Structure formats: structure tokens, C-alpha cells
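Each remark here refers to the structure printed beneath this line.
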Amino acid sequence: MKRIFVPLLLSLLLVSSLLWAATGPTQQIQQIVDTVLQVLNRTDLDYAAKRREVSGLVQTHINVQSISQRTLAVHWKKATPQQRERFSKLFVQVLEATYLNRIEDYSGGRVDYLNERVKGDKAIVDTQFVSDKVEIPVQYKMVREQGIWQIYDVVIENVSLVRNYRSSYGQIVSSEGFDGLFARLESKLAEPPVAGKKQ
Amino acid sequence: MRVVLPLVLCLTLLVLSFAPLLAADDFVRPAAAAQTGGDDFDAEFDDDFDDDFDDDFDDDFDDDFGDESEAQPRPLIADPLEPWNRGVFLVNDKLYFYLFKPVARGYRVVPRPVRTSIGNFFSNLSTPVRAVNALLQLKVRDVGTELGRLAVNSTIGWGGLFDPAGYSLRWKKKSEDFGQTLGFYGVKSGWYLVLPIFGPSSVRDGAGLVVDQFLDPLLYADIKVREYYSLRALERVNALSLDADSYEKFKRDALDPYLFIRAAYAQHRLANIRK
């Protein structure tokens, strides 16, 4: 009995530490949100600089391929590899900017992590943004790829970003082609950010 | 006079709604299918989970490998009236920036807590809309919550100016309207409609709006027509003054605000109907 006790204890510790070390979906979201909020609260950077800071971080946590493909849906198949790449790059920037805008608009609140549901390699993390004026449910849908949890959709107040973008972009591609879409994306990204107005 | 106008609108919309309801290419899943009505937490959990995961995840993937003959992705809501809707959308946009928003901004001289109280007051008045529609959808618990809120807020909440029911008792208000009731029973949304002033709607929800007018207690109060419409206008301006520039944000974030709002509206309604 004594002879197996120590190895047993050691292996238990090893296993539990491994489990502990893997970052779960909620922790992943927490990391992103905390870092983004930190950057946003910095007073020494202007908006463009803040966006640059956050840019790399968001990109590692978004499954770019998956989210771009789902957004373009039917059009993805018809697109050439160059078009796909160009779209992916532009789209991720748009997502970052949108996300940043939203968070900045509501800065001064806190984020509550409500719930985490995991099913195999997929997970849904429910959070709530709470300030004295609003309570906004934000849900992240994630997939685990190579051990890292990545976001493939964000659902804000029951409105899925991917579905939303898909229907708008889909119509734009149908009527104006990819070039029309790219032109619009680029001009939107070039717009100076509009500061949120106080009430 | 107060009753005739809404009645005529209601009848018109109901008549109009039959044609598109039969013919509409509505790709929104029937609401009834999603309702499990489960009190059992696990059943709801799994359904929600499966709904979110399997339906959404696989559905999305199917889209990607989907029907090659489809020229474009299926819209969330049918919109054959798009040119007309875009026109109304543009008019609403101008009205918003040149009329409503400036008025709401001017109105912001009224201190925020007062405006919040006024908002609470009107929200309390619209309890019948929520309660009756919850009843029609057989959501008994929600009916109880709404009636409870009405009782508590009208008494302890100083005639509805405050919301102790929501704040202290955590009895949260739940939006219900006749459009949702219709959706609950499987009526499809019909064509997307942009209504003047009111904004995004659909044939079903527009008809629902008209029906809900009759549940407004003010309609039966002893006040003049002019006073009635003034109070309604006050309600709208007040709500707008409390709003944090949401419309401006949509415009800023979206490549095409019209399409973006349309998609958001369709999803929002579907989610509300399910709840």
C-alpha cells in the first residue's frame, strides 16, 4: 500500500496540474477582455495607437479562417485565394474596430462572467457587460484548435455578428462584386473614429 | 377619432398580411419549433446548447458547402420591398438627425433621474401589453411577474415613477407584444417593413403594433385627442433622450446600415419570440 501511495499521489498531482494549466474558454475571454480594457483605460495613447496595441491580441484569439469563411458563406467558394486573404485581413480589422468601439462606448462598466458551456471542442461563454445605464449580454462562441480556444462568433444582445455581417456583405458582393466590398471596407477603416457622445 | 384611425390601420395591415404570409420566402425558422416550454433545467440547457451548437455550427458549415445554385446567401428576412424600405429608411434617417435627436438633446436639460422616472412611468402604463400577450402565449409565470410589477411599482413605486420591483425584488420586465404572440403561434414574420418613424418592423410585427395600441390604458383615459398624442410623443422623446446614440453607432460600425439593421432586427425578433 505504501509503495503505491507516493507514485499515485504524484501522478494525481501531475494530472491535476495539467488540467489546471490548460486555459479554459472563460479564462481565455477574461484574458482578452482584461487586456483590452487595460489598453483602453490608458490615457497616454490616442485611439489609433490603442487599436494597434489591441490588434495583435485579438487576431490570435479569433479563428480568422473560420470567421471569414462563415461570413462570406456562399461567396467564399467563388472567391480566389487572393480575394479570400484580402477579405480575411480587412474583415479582422473591421471586427477589431467594432469591438473596440463597443467596449470604449461603454467603458466604466464591468464584465460579469456568467456561464460556460463546453461540448467537446466547442464552447459558449456567456458574459454580461454591466454599467449603471445598461446591461448587455455578450456571448462568445469558441472552438478549440491546437489546444487554444478561439472565437468564431460574438453574439451581442442576441444578435450574432457573423450572421449580421453575412447578410450585409452577401448582398454587397452580389450587387457590387468583391471589389465593391473591398472598397467599402477600406473606406470604412480609413474613417476617423467618432468619439462616443456623453449623455 | 382616437380609435378609428388605429382600427383602420389595423385592418389594412391585417388584410395586407395575408398575401405575403402565404407567399413569403421566409427563412427564419418557425418559432414554435424552438419552444420546449421546459421547466426542467437540464432539458432547456441541452436544447439551448444543441440549438446554439449543432444548429448554428453545422448550419453555418452547411452554408459553406451548400447549394452551388444559390446566387447569394439567404437573407434572414424576405425583403422584396427593399427599394421602398430604403426610401423610408432614408427619410427616417433625416428625421432622426434633423428633428428627433435635436429635440431629445434639448430635452436633456431635464435631469436624468427625472427622465428615468418618466420612462418608468410609461413602462408601467404599458404593462397590459406585456401581460396580455404573455397570457396569450400561456406564459403564466410571466403574467404573474408583470402583474406583480404593476402592483408593486404603482404603490411602493409612487405611481410607477420608480421600479422597486425590478431593482429590489429582481422581477425583471420582459418584453412581449402581439407580434411576438403571433410569432409564438407560428405566424411568419412576412416581409420586412420599415415604418415611418417607428423604424424596422415586418408585416406581422406592424400588425402587432397596431393591435397593441388598443391595450394602451391612455386610450381609455378621459383626455383629449391632442393630449393623448402629446403624451405618446413625450414617451418617445423621453426614451430617445435616455438612449446612448445607438443609431449613430450602427451607422458607424456598418458598411450598409440599412442591411445591418435589417439583419439585427430579424435576429432580435427571433430571439425575443423564443424567450
Note to self: Give me the mean projected area, in nm² to one decimal, of the convex hull enclosing the Cα positions of the range B:84-158.
What the structure shows: 7.4 nm²
Note to self: Around A:W149, under 10 Å between beta carbons, what's the net of Lys plus Arg minus Asp minus Glu among the other residues?
What the structure shows: 0
Margin query: For chain A, what does the relative contact order come out to in percent, with C-alpha contacts under 8 Å and a separation of six or more?
Written below: 20 percent
Notebook entry, point to check: Can you give the extra length, in nm with one decimal, that the chain gains between B:V225 and B:S175 once fully stretched, where that is 0.36 nm per residue apart less the Cα-Cα distance?
Noted result: 15.3 nm
Margin query: What does the net charge come to around A:V173 if you take all other residues with beta carbon closer than 10 Å to its beta carbon, with K and R at +1 and D and E at -1?
Written below: -1
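How large is the Kirkwood hydrodynamic radius of the range B:142-247, in angstrom, based on all distinct alpha carbon pairs? Before the final figure, lay out each step's value.
Values: mean 1/r = 0.0619 Å⁻¹.
Kirkwood hydrodynamic radius for the range B:142-247: 16.1 Å.
For the pairs B:K224/B:K251; A:K188/B:K174; A:K141/B:K188; A:K50/A:K133, note any where the Cα-Cα span goes beyond 32 Å. Could you put the intermediate results ahead of the total?
Details: B:K224/B:K251 38 Å; A:K188/B:K174 36 Å; A:K141/B:K188 28 Å; A:K50/A:K133 25 Å.
Among B:K224/B:K251; A:K188/B:K174; A:K141/B:K188; A:K50/A:K133, the Cα-Cα distance tops 32 Å for B:K224/B:K251; A:K188/B:K174.
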Check: Where in the range A:141-179 does the amide nitrogen come within less than 13 Å of the point 7 Å from the Cα of A:Q27, taken along Cα to Cβ?
Finding: A:148-149
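Leaving out ligands and nucleic acids, and using a 1.4 Å probe, what accessible area per residue does the range B:94-163 come to in Å²? Could you put the intermediate results ahead of the total?
Working: 3730 Å² over 70 residues.
Spelled out: the 1.4 Å probe surface of the range B:94-163, per residue, equals 53 Å².
For B:F198 and A:A190, what does the FRET efficiency come to when R0 = 41 Å and r is the distance between their Cβ atoms, rounded to the nearest 0.05? Intermediate results must be reported in sequence, preceding the final value.
Numbers: r = 34 Å, r/R0 = 0.83.
Once rounded, the FRET efficiency stands at 0.75.
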Item checked: Whole-Hz ³J(HN,Hα) from phi, Karplus 6.51 cos²θ - 1.76 cosθ + 1.60, for the range B:130-137, glycine and proline x -> 5, 5, 4, 5, 5, 4, 4, 8
Note to self: Using only the alpha-carbon atoms, how far is helix A:2-21 inclined from the longest principal axis of chain A? Give it as 0 to 90 degrees, nearest 10.
What the structure shows: 10 degrees
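Leaving ligands, DNA and RNA out of it, report the carbon-plus-sulfur percent of the accessible area of chain A at a 1.4 Å probe. It would help to have the intermediate numbers written out before the result.
On the way: 5920 of 10580 Å².
Accessible surface attributable to carbon and sulfur in chain A totals 56 percent.
Please report the carbon-and-sulfur percent of the accessible area for the range B:111-255; probe 1.4 Å, protein heavy atoms only, DNA, RNA and ligands left out. Mind showing how you got there, number by number?
Working: 4960 of 7040 Å².
On the range B:111-255, the fraction of accessible area on carbon and sulfur atoms equals 71 percent.
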Notebook entry, point to check: With solvent modelled as a 1.4 Å probe, how much accessible area in total do chains B and A shield from it at their shared surface, in Å² to the nearest 100?
Noted result: 4500 Å²
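State in Å² the accessible area per residue of the range A:27-146; use a 1.4 Å probe, count heavy atoms of protein chains only, and round to the nearest integer.
Values: 5780 Å² over 120 residues.
Value returned for the range A:27-146: 48 Å² of accessible area per residue.
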Next item on the list: Output the residues of the range A:40-87 meeting this criterion: accessible area (heavy atoms, 1.4 Å probe) in the chain alone minus accessible area with all protein chains in place is 40 Å² or greater.
Entry: A:Q69, A:R70, A:V74, A:K77
Next item on the list: Over the range B:184-275, give the accessible area per residue in Å² for a 1.4 Å probe, as an integer.
Entry: 42 Å²
Notebook entry, point to check: Say each of B:D256 and B:F97 gets a label point 7 Å from the Cα, pointing the same way as Cα to Cβ; how far apart are those two points in nm?
Noted result: 2.0 nm
Notebook entry, point to check: Taking the Cα atoms only, what angle lies between the long axis of helix A:161-190 and the longest principal axis of chain A, rounded to 10 degrees?
Noted result: 60 degrees
Next item on the list: Report, as an integer, the average count of C-beta atoms from other chains found within 10 Å of each Cβ along A:166-176.
Entry: 6
Note to self: Could you derive backbone 3J(HN,Hα) for the range A:64-69 from the dihedral phi with the Karplus parameters 6.51, -1.76 and 1.60 (θ = phi - 60°), listing whole Hz in sequence and x where the residue is Gly or Pro?
What the structure shows: 4, 4, 5, 6, 5, 5
Note to self: Let me check I've understood the local charge: for A:L45, count other residues with C-beta under 10 angstrom from its C-beta, Lys and Arg +1, Asp and Glu -1. What total comes out?
What the structure shows: +1
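The values are calculated or read from the model by the stated rules, or taken from the named source; none is laboratory data. None of these values were measured; they are calculated from a predicted model. Glycine also receives a Cβ, built like all others from the backbone with ideal geometry; neighbour counts cover every protein chain displayed. With ligands, DNA and RNA removed, areas are computed over all heavy atoms of the protein, side chains included. Shrake-Rupley method; radii C 1.70, N 1.55, O 1.52, S 1.80 Å.
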